[in-house]
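Student: This structure is in structure tokens; I'll ask about it shortly.
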Amino acid sequence: MKVLKPIIALAVIVAIAYFVTPADLRDGWLYYMYGRMLEVTSTPAKALEAYKTSAEAMPDNIRFNRTSVSALNDVAEETDGQAHYRTAEEYAEEWIDEHSDNSGLWQMYVEYARALWGRGSKSAAKRAIDRAVSLMPTDYIALIYQGIIYRDIRPENRDAVYRAVPIFEQAIQIRRQTRTYWAHYELAKAYWMIDDEERALNELNHAISQFPPRWLRIKAERLKHEIQSSGRSER
């Protein structure tokens with residue numbers, strides 16, 4: 001009985017909080033957390049529906065709306081779906097226009113850049129990601145996407161790839177080498193593109209040693225195998 005009392009008390013508190021919390025705030029957070037759960041346990045497409053409901057509940061909230069657009073971009077990347085990129089682009093552009101004074105605006109510019117990039121509008125994507133970084137120069141995610149766009153906008157141009165290197169390095173420094181596996185992986189790709197196999201392998205080893213998520217570990221190990229099998233590396 002002693003064990004049940006705190007559980008019952010917690011259930012009562014949760015129930016009261018549920019009914020006294022404004023509906024928009026309640027639905028915003030509930031569906032946002034539900035989307036997070038679905039991201040881990042299911043598919044991005046299913047999480048997308050929860051995030052859309054969350055954003056609709058609180059249309060001025062940057063967290064919920066950015067997450068909704070991010071999910072659109074994630075689904076588009078997974079399925080190569082131009083329709084999702086188009087929706088993400090239009091949504092982000094409209095939200096930016098209507099919330100130009102929002103303190104977290106750089107977050108939506110990141111997703112806007114991703115959607116533009118996916119649609120093949122590379123110059124516009126570069127302008128959008130540059131805007132994101134200008135608004136928040138220390139954002140890890142914005143810097144990584146900026147590095148990717150700079151690196152891949154003209155992959156045949158070594159100077160363009162070189163310009164991406166310090167961007168990835170800056171992202172790594174911002175997090176002080178903690179959970180920077182994504183930045184190390186993208187930096188490794190840049191070094192590989194400019195034929196610096198030793199540094200590419202070094203960055204891949206850094207990425208793998210930080211126990212990245214499965215999808216990134218597979219990519220890193222695949223690239224490492226490609227470099228080692230190329231005949232250009234001594235490792």
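Student: Tell me, which helices (runs of 4 or more DSSP H) lie completely within region 179-235 with 3 or more residues that are surrounded by fewer than 19 Cβ atoms within 10 Å (Cβ to Cβ) and modelled with pLDDT under 95? Step through it out loud before you land on a result.
Tutor: Numbers: elements: 181-193, 197-209, 214-228.
Here the list reads 214-228.
Student: Additional query: Is it the case that some residue within region 73-91 is within 17 Å of the chain's Cα centre (by Cα), surrounded by 23 or more Cβ atoms within 10 Å (Cβ to Cβ), among the hydrophobic types (A, V, I, L, M, F, W, C) and over 21 Å from M37 (Cα atoms)?
Tutor: Yes.
Student: Give the residue, chosen from D152, D159, D74, that is touching a Pro at 6+ places or on another chain (Cβ under 9 Å) and of a type in the set (D, E).
Tutor: Details: D152 fails: touching a Pro at 6+ places or on another chain (Cβ under 9 Å); D159 fails: touching a Pro at 6+ places or on another chain (Cβ under 9 Å).
It is D74.
Student: Taking region 141-172 as the region of interest, how many residues are of a type in the set (K, R), in a loop (DSSP other than H, G, I, E, B) and surrounded by 17 or more Cβ atoms within 10 Å (Cβ to Cβ)?
Tutor: Filtering region 141-172 for residues of a type in the set (K, R) gives 151, 154, 158, 163.
Those left that are additionally in a loop (DSSP other than H, G, I, E, B): 154.
Still in the list and also surrounded by 17 or more Cβ atoms within 10 Å (Cβ to Cβ): none.
The total comes to 0.
Student: Kindly list, by first and then second residue, each pair from a residue in region 163-183 that is on the phi > 0 side of the Ramachandran plot to a residue that is part of a loop (DSSP other than H, G, I, E, B) and not aromatic (F, W, Y), limited to pairs with Cβ atoms under 8 Å and residues at least 6 apart or on different chains.
Tutor: As it stands, the answer is R179/Q210, since those pairs meet every condition given.
Student: Same structure again: Identify the residue in region 34-72 that is polar (S, T, N, Q) and assigned to a loop (DSSP other than H, G, I, E, B) and, among all such residues, is surrounded by the most Cβ atoms within 10 Å (Cβ to Cβ).
Tutor: Per the criteria, the residue is N61.
Student: Between a residue in region 195-209 that is on the phi < 0 side of the Ramachandran plot and any residue that is β-branched (V, I, T) and surrounded by 15 or more Cβ atoms within 10 Å (Cβ to Cβ), which pairs come within a Cβ distance under 7 Å, given they are 6 or more apart or on different chains?
Tutor: E197/I227; A200/I227; L201/I227
Student: When the residues of region 41-72 are narrowed to those that are over 13 Å from the mean Cα position of the chain (by Cα) and of a type in the set (V, I, T), which ends up modelled with the lowest pLDDT?
Tutor: T43
The values are calculated or read from the model by the stated rules, or taken from the named source; none is laboratory data. In this text, all values refer to a predicted model and were calculated from it rather than measured experimentally. Every residue, glycine as well, gets a Cβ built from its backbone with ideal geometry; the counts of neighbours run over all protein chains shown.
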